[in-house]
4 protein chains.
Amino acid sequence: MSYNSFGHMFRMTTFGESHGPALGCVVDGCPPGIQLTAAEIQAYLDKRKPGQSRFTTQRREPDEVKILSGVFEDERTGGQVTTGTPIALVIENVDQRSKDYSAIRDKFRPGHADFTYFAKYGVRDYRGGGRSSARETAARVAAGAIARKIIPNVTVRGALIQIGPHKIDRTHWNWDEVDRNPFFTPDAAAVQPWSAYLDEVRKAGSSAGAIVEVVATGVPPGWGAPLYGKLDQDIAAAMMSINAVKGVEIGAGFAAALLAGEENADEMRMRHGKAEFSTNHAGGILGGISTGQEIVVRFAVKPTSSILSPRKTVTATGENTDIVTTGRHDPCVGIRAVPVGEAMLAIVLADHFLRHRGQTGAQ
Amino acid sequence: MSYNSFGHMFRMTTFGESHGPALGCVVDGCPPGIQLTAAEIQAYLDKRKPGQSRFTTQRREPDEVKILSGVFEDERTGGQVTTGTPIALVIENVDQRSKDYSAIRDKFRPGHADFTYFAKYGVRDYRGGGRSSARETAARVAAGAIARKIIPNVTVRGALIQIGPHKIDRTHWNWDEVDRNPFFTPDAAAVQPWSAYLDEVRKAGSSAGAIVEVVATGVPPGWGAPLYGKLDQDIAAAMMSINAVKGVEIGAGFAAALLAGEENADEMRMRHGKAEFSTNHAGGILGGISTGQEIVVRFAVKPTSSILSPRKTVTATGENTDIVTTGRHDPCVGIRAVPVGEAMLAIVLADHFLRHRGQTGAQ
Amino acid sequence: MSYNSFGHMFRMTTFGESHGPALGCVVDGCPPGIQLTAAEIQAYLDKRKPGQSRFTTQRREPDEVKILSGVFEDERTGGQVTTGTPIALVIENVDQRSKDYSAIRDKFRPGHADFTYFAKYGVRDYRGGGRSSARETAARVAAGAIARKIIPNVTVRGALIQIGPHKIDRTHWNWDEVDRNPFFTPDAAAVQPWSAYLDEVRKAGSSAGAIVEVVATGVPPGWGAPLYGKLDQDIAAAMMSINAVKGVEIGAGFAAALLAGEENADEMRMRHGKAEFSTNHAGGILGGISTGQEIVVRFAVKPTSSILSPRKTVTATGENTDIVTTGRHDPCVGIRAVPVGEAMLAIVLADHFLRHRGQTGAQ
Amino acid sequence: MSYNSFGHMFRMTTFGESHGPALGCVVDGCPPGIQLTAAEIQAYLDKRKPGQSRFTTQRREPDEVKILSGVFEDERTGGQVTTGTPIALVIENVDQRSKDYSAIRDKFRPGHADFTYFAKYGVRDYRGGGRSSARETAARVAAGAIARKIIPNVTVRGALIQIGPHKIDRTHWNWDEVDRNPFFTPDAAAVQPWSAYLDEVRKAGSSAGAIVEVVATGVPPGWGAPLYGKLDQDIAAAMMSINAVKGVEIGAGFAAALLAGEENADEMRMRHGKAEFSTNHAGGILGGISTGQEIVVRFAVKPTSSILSPRKTVTATGENTDIVTTGRHDPCVGIRAVPVGEAMLAIVLADHFLRHRGQTGAQ
């Protein structure tokens, strides 16, 4: 058991607070002999990095990753490879302005974990939420970059499909579009209305929720370990562990409840000597094991709780008060949740690949 | 790591197939000195037991539980108590009609785990789905009965709130109603239309999906262990591990994406010397730790995949074919998922109570 | 975390008390497609079974094992194979004479776990030691039989090499001899003097300690996972978990402390294109990873604590008293520890084979 | 599962190689509200630090520890306390002279893990043994310093009791002596002969083995979790995981095999209203649970494998060769194993305290 680790054969242990000296993770179980550089990890961190548009927090963090262990610069090949030993990654916190938080030192921000951490631990790290801050997700993105390299034939991609009440038009879906706009949306037509909507939300001192979809292509049939190492069980855990996530669904998800049995159960036909499915209501998972189809996951992100509108709350010493959360915050934390969701799916898949290989010998 | 265990300090390991000699579980970590009889466990099993109405499978299983270990009949007090050692529970399979399945021995039933188990293990246990059968959930309900005794001040209750497109009217909610109808619904007015709807579905050789809501009352603030032992993370895993579940949400869930920040973040006020929340969009969990409010979980159950309508599929030897799943099946597997959802929530909470007590010393 | 499970990828969870209705285990993680019958498991249980000579307890337990799950009788091949799902094994307790223990119901037997279980759990299962009884090792032997089938190229054999002060002559070592005498000793010349010694010990109402050696042949280089999944670490844990074991050593063991560096470090030379070692002080393990040599483990078993000689002790209610442990006991519990030690080594090796295959892809 | 973590409720994950940029660990599960400074940890690191006498390696490493997370400088009290979140500790490697190792880049040093790591991972980190170096034990000592603070009523002390064939005289035992000599020996009379012996060993280009004893005082009855979370099982694993350790024993250990039953089983008598034992052959543990007596552990450390005497070996490319290991090495690695053994025992005890408190509610 462990409180800050995720995964089994591929296992990430994260550490660090929003305003401590550094955050990072130890990645344990990575197979040996994989080419790995800090630059490759950095590319994913840069995608999640704050301050890249007016729709994310203005905190300035370079989020530069250092590899402290687990790789070896092989002088003979000139390349750097994993050694099979634990890979420690550290990211320094550069832009910690703890004083930003002095006004809320004794107040619990509604919708935040301030109250519950204090109730549990009796200690209040008021500096930007301490351990409960979404800054921790940088460590997940870094670990996810390593996870991807373990399953090179699998592509994991995420997209924002809804902000507040505004959904994308799925017929516009274009993966290439995702990296071209500040919302990671695959629908180019959504960019302008979403921008307008979020500007309005920010002006109102409010915030917006969102829905993220993450898809894995190339997962062969057979990954997942029933009954309590089910692939969808671990995906649900992975996504629900992300800050501000309140719901997770696979394939048809909640809409499956509305379908008739004959609509929902995906039919099969042989094609080119392989079983193929006519539809994918299952989202690529049946009985907790991958079917070989695309794995399709969606999760809901609540609106950022740090807002300028004054809210009723209480203090650590038990007095009623009001709170206004100034400082630097994402008006829609769902946007930066896209690379985090990708990373978590990659981590689950890498873990299950290794577990599957271990138990069955499949390569 | 383990494939068939769930939980950490309170840990259940289940075993058994639909048509093997028996199924059961080992419950490890139960504190000592708790009064426990087989009859108490049986009461919960009887609630889940098949064949109690025309809306569940007609397989006749008494689901009688035997305790093989972990309790001690103290001659002095006359009572039977847990000893702190593992509690093994066994339920014999009585009504195994394996021959029912000979027609589908080589065919993969669409929507079932037949294809994926075969892809993973290379072995086909065609007898009622083998390990992937929902019969395994009897072991969960038995373990859940023990979990409840560890957290006597917590009440865990479940209810069916939607069948197919038909939702309950939440203003009718009455917990007392739940045990008076075959649907575990808290809305008495839903019983008649749901009965009519399901009769129609059965006649059409089809099946229906459903949504279950499970609520825990009495959980104090502080349970849950960020970041990867979050209470909601473990609840999501628990619910997603139940057969046929495709989505899980906490509190406002997916609807949180639609809310503005100031609507979603539950405000706080002191009352009788305690912090109280004005609303519960959080579903009783913030930052992965319980707030002290009701914990509210919903999950979506897909329509039963075993249906009489003929469907296209393939065989284990790679030929196209059609399949009709005769035999005894639940037309809406979501109904019997209610006691299973309750059990899983109780198991997660018992586990987190023990973990919390261990780390912080809280009683 | 779990209190009654051992192993990771190959994981055994045991349950049961000395005088409860049954004991057994759930074996999780066994690869699919392995031929497995109850008879194969029974053969190992018979080796450990009590009452086979006057040197072991006279309790009459057939120790008949039943497989409740995890195998499938494939009608097409006629054979029974593992399915990749958990294998539950149950052994009924037949010869429970709880009344034997009424005289000691409130007394703590010196050298036994009576006092510590009561101190921990506040419950006293006085019937033959309850969970602390060596009867539990039957479940280990059963699980060990399955472990062996996962690593068919590895041979695991155990032998008794010392009883009380009487050591074998290692130049007499003959593995074939082990199954021909009641002591599992490889030295035929030891049988007569050991018999005489143990008869004397029994007549004196005393008991004797012993040393067991277990050897695994055929383990390839590379198994083991530094730093905290070291092969020798897990072996040490496995052996120390056996009832009455007080010491464990690998290779030269404690004697290594006496050697000079150049004596201890095993030299290497190429032979037939493979690196070979000139000696095996390392006992087949360097840096926690197998070298490809024989793995050599020894463990010390203390003398049985249940003896006829009266001993000073206290009662559960805090009074001084004397105790005489009548009933049926092994005069040298080290004898029956031989098949248990074998089983535990097989379990560790099967687990590490699967872990190694998972992380590195080695077959 | 995880390869580089140790413990359950109190869990340490270490990382780092001998000649990488840094090593360290993440300590997870530490209770909140404990006063903790880097200086307190440093004090233990300084004890283990190399270069403190001519009998340890001359590598110059300040081993300065930095705390990256998990503590909070509470401005109100001025003190720094743990927050209940993971504590990351980092120690930079300062004196890495990788070029020292170029001569052995392709040669496997006999007695070292060079061969087995290469066999397992296919990668050779020749710089001072890479991950297999005893430098990693600095991370253990740091984690052990935190463990001690969780169990303030327990004192854990270690001592060197044998170097090569030279044992201490146990009647001289004086704990105060341990910190006054370079051997951590409690027998002042051993210092001179051991110095002379080790000087001779060094001159001969050889090395010496040793035996360490670690003792914990103040552990109450009841810690430990049978059957596979036994206190002695976890202690055996902890000690065997230390570099160069080949044997572990508890209490009478291997000598217990020589005792008669009535000698070995420690008798009990009430004293001041508490059960007390007349002797401690059990070493403070019965049935895997603490008795309340001193916990006594001994482990054997093989002689350092890095020696100046030329030895036969092979290369990574399969050729016979000879090797001389120059560079900076401990002539008796057992000396610096003393603080490491203490740390590991403290870690096991802190873990078991938290587990015991979780399962039973004991404070």
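The values are calculated or read from the model by the stated rules, or taken from the named source; none is laboratory data. Not measured: the values here are computed from a predicted model. Because the Cβ atoms are built from the backbone with ideal geometry, glycine has one as well, and the counts that use them run over all protein chains shown. Ligands, DNA and RNA are excluded from the accessible area calculation, which covers all protein heavy atoms including side chains. Shrake-Rupley method; radii C 1.70, N 1.55, O 1.52, S 1.80 Å.
Observations on the model:
- Any hit, the range A:56-68, residues being polar (S, T, N, Q), surrounded by fewer than 16 Cβ atoms within 10 Å (Cβ to Cβ), within 19 Å of A:Val340 (Cα to Cα) and in contact (Cβ under 8 Å) with a residue 60 or more places away in the chain: yes
- Residue in the range D:185-201 that is part of a loop (DSSP other than H, G, I, E, B) and among the hydrophobic types (A, V, I, L, M, F, W, C) present: no
- Residues (hydroxyl-bearing (Ser, Thr, Tyr) and facing chain B (nearest Cβ under 7 Å)) located in the range C:8-41: C:Thr13
- Hey, B:Phe55 touching a Lys or Arg at 6+ places or on another chain (Cβ under 6 Å) and among the hydrophobic types (A, V, I, L, M, F, W, C) or not: no
- Here C:Glu73 meets each of (1) within 10 Å of another protein chain (Cβ to nearest Cβ); (2) crowded, with 21+ Cβ neighbours inside 10 Å with one exception, condition (2).
- Restricting the range B:131-160 to residues that are within 10 Å of chain A (Cβ to nearest Cβ), touching a helix residue (DSSP H, G or I) at 6+ places or on another chain (Cβ under 8 Å) and not charged (D, E, K, R), the residue that is farthest from B:Val94 (Cα to Cα): B:Ser132
- Filtered residues of the range B:213-230 (kept if within 16 Å of B:Glu342 (Cβ to Cβ) and not charged (D, E, K, R)): B:Val214, B:Val215, B:Ala216, B:Thr217, B:Gly218, B:Val219
- Per the listing A:Glu267, A:Glu263, the residue uniquely more than 7 Å from every other protein chain (Cβ to nearest Cβ) and charged (D, E, K, R) is A:Glu263.
- Where D:Lys246 falls short, out of the listed (1) more than 7 Å from chain C (Cβ to nearest Cβ); (2) in contact with a Lys or Arg (Cβ under 6 Å, 6 or more places away or on another chain): (1)
- In the range C:36-44, the condition of being open to solvent by 20 Å² or more (accessible area, probe 1.4 Å) and closer than 20 Å to C:Asp330 by Cβ is met by at least one residue.
- Considering residues of the range C:231-258 that are free of Cβ contacts under 8 Å to residues at least 40 places away in the same chain and in contact with a His (Cβ under 7 Å, 6 or more places away or on another chain) only, the residue farthest from C:Val333 (Cα to Cα): C:Ala256
- Residue within the range C:222-238 that is under 22 Å from C:Asp46 (Cα atoms), away from chain D (no Cβ under 13 Å) and either open to solvent by 20 Å² or more (accessible area, probe 1.4 Å) or under 18 Å from the mean Cα position of the chain (by Cα) (or both) present: no
- Qualifying residue in the range B:297-314 (condition: within 24 Å of B:Ala159 (Cβ to Cβ), out of contact with any strand residue (DSSP E or B) (no Cβ under 7 Å at 6 or more places or on another chain) and more than 7 Å from chain A (Cβ to nearest Cβ)): no
- For C:Thr155: the one exception among (1) under 27 Å from C:Ser278 (Cα atoms); (2) without any contact (Cβ under 8 Å) to a residue 24 or more places away in the chain; (3) open to solvent by 40 Å² or more (accessible area, probe 1.4 Å): (2)
- Cβ pairs under 8 Å, 6+ apart, first in the range B:310-338 and touching a residue at least 60 places away in the same chain (Cβ under 8 Å) and at positive phi, second assigned to a loop (DSSP other than H, G, I, E, B) and open to solvent by less than 30 Å² (accessible area, probe 1.4 Å): B:Gly327/B:Gly128; B:Gly327/B:Ser306
- Residues satisfying the stated conditions in the range A:34-58, i.e. at pLDDT below 95 and not polar (S, T, N, Q): A:Asp46, A:Lys47, A:Arg48, A:Lys49, A:Pro50, A:Gly51, A:Arg54, A:Phe55
Residue-wise test of (1) farther than 25 Å from C:Met240 by Cβ; (2) open to solvent by less than 60 Å² (accessible area, probe 1.4 Å); (3) at pLDDT 95 or above.
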{"residue": "C:Ile163", "(1), (2), (3)": "no, yes, yes"}
{"residue": "C:Glu177", "(1), (2), (3)": "yes, yes, yes"}
{"residue": "C:Pro186", "(1), (2), (3)": "no, yes, yes"}
{"residue": "C:Arg202", "(1), (2), (3)": "yes, no, no"}
{"residue": "C:Val212", "(1), (2), (3)": "no, yes, yes"}
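- If only residues of the range D:95-121 that are of a type in the set (Gly, Ala, Ser) and more than 8 Å from chain C (Cβ to nearest Cβ) are counted, the one that is least open to solvent (accessible area, probe 1.4 Å) is D:Ser98.
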